[in-house]
1. For the range 78-118, give me each residue that is under 30 Å from Gln132 (Cβ atoms), away from the ligand (no atom under 16 Å from the Cβ) and polar (S, T, N, Q).
2. Looking only at residues in the range 160-177 that are within 20 Å of the chain's Cα centre (by Cα) and touching a residue at least 60 places away in the same chain (Cβ under 8 Å), which one is surrounded by the fewest Cβ atoms within 10 Å (Cβ to Cβ)?
3. Any residue at all in the range 175-182 that's within 16 Å of the ligand (Cβ to nearest atom) and over 24 Å from Asn243 (Cβ atoms)?
4. Spot the failing condition for Tyr221; the list is (1) within 30 Å of Phe13 (Cα to Cα); (2) in contact with a His (Cβ under 6 Å, 6 or more places away or on another chain), and only one is missed.
5. Starting from the range 132-143, take each residue that is of a type in the set (Asp, Glu) and list its partners that are within 15 Å of the ligand (Cβ to nearest atom), counting only C-beta distances under 7 angstrom and pairs at least six apart or across chains.
6. Could you tell me whether Ile226 is surrounded by fewer than 19 Cβ atoms within 10 Å (Cβ to Cβ) and over 17 Å from Arg148 (Cα atoms)?
7. Being away from the ligand (no atom under 16 Å from the Cβ), over 16 Å from Tyr217 (Cα atoms), in a strand (DSSP E or B) and within 23 Å of the chain's Cα centre (by Cα) is the filter here, so list the residues in the range 127-155 that pass it.
Amino acid sequence: MTAIVKIKRYFIFSNDRLLVPIEADLRSGVEMLANLTQDIFTEYAEQTVHIHVNEHIEHHLVDMQKEILEHESVRSISLREVVMMMPKEDFQHVAQAWQYAVFLRTHQFCGRCGSRMDRVSWEMAMHCHTCQHRCYPRVSPCIIVAIRHGNKILLAQGERQKESGFFSTLAGFVESGETLEEAVHREVFEEVGVKVKNVEYFNSQPWPFPHSLMVGYLAEYDSGDIVVDGKEIIQADWFDIDNLPVVPPKFSIAGRLIEETQKRMLEKSV
Ligand SMILES: [Zn+2]
């Protein structure tokens, strides 16, 4: 009988950056993290958090928090670089480890009684032994929607995109007690004052900035004129699908929603 050789990958975070081997090609994905060895983080070895992937792969989270590791064999990269450069599935592994790191950092003390919390060994949770309160990593659902009307798509610009001139699909957090579809109708109406119909689920994407789950929808315009809210959205317009402004790249769900809308319009015009 041959023993199963497990691949171990180390997700080491320092502040909000991921450590990678100095000469790693980010396009090769998380594979490169198997080349990090324990001798570079000996001091943190006891705090390593094991994340089960499958019988062949083990992920280990090492959170150095504010410490900056200076070691000749590593460099640090931002999560934005990870999302831009790594294959999508690999980004999701990094996103998961990062979200666990954020969860552990922000749940040191019990939100109910203030006692120190302990990590649960068999599931990703923090537990308070004083009052038995248990917390799990937070996931915040956020809808994102591409609205089409004839051969035009509604795109908007928020305060933060003002400088870059970037336009994107509308997005917003789901409120307590609301369905995802209700959130689509409410957010669209609040942000740009129009009503939509034929809301259809498209796809989803974990977005670890810091713990969103983007739930993508396609919708058709129903009624109303664009009136921007002036708070979250500063500018919005109908853009001809063949003449788009600067839009999000295809690794993001916004980029893929725009691409899908374009596809639907082409199908319709044939
Ligand atoms: Zn407690």
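The values are calculated or read from the model by the stated rules, or taken from the named source; none is laboratory data. Worth saying up front: this structure is predicted, and the values here are computed from it rather than measured. Positions of Cβ are generated from backbone atoms using ideal geometry, with glycine treated the same way; all protein chains shown enter the neighbour counts.
1. Within the range 78-118, Gln96, Gln99 qualify.
2. Selected residue: Phe166.
3. no
4. (1)
5. Sorted first by the residue in the range 132-143, then by its partner, the list stays empty.
6. For Ile226, the condition - surrounded by fewer than 19 Cβ atoms within 10 Å (Cβ to Cβ) and over 17 Å from Arg148 (Cα atoms) - is not met.
7. Going through the range 127-155, the residues away from the ligand (no atom under 16 Å from the Cβ) turn out to be 137-155.
From what is left, the residues that are over 16 Å from Tyr217 (Cα atoms) are 137-140, 150-152.
Cutting the leftovers down to in a strand (DSSP E or B) gives us 140, 152.
Ser140, the sole residue that qualifies.
Conditions (1) under 25 Å from Asp25 (Cα atoms); (2) in contact (Cβ under 8 Å) with a residue 60 or more places away in the chain; (3) crowded, with 16+ Cβ neighbours inside 10 Å; (4) small (Gly, Ala, Ser), marked per residue:
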residue	(1), (2), (3), (4)
His59	yes, no, yes, no
Ser73	yes, no, no, yes
Met85	yes, no, yes, no
Val102	no, yes, yes, no
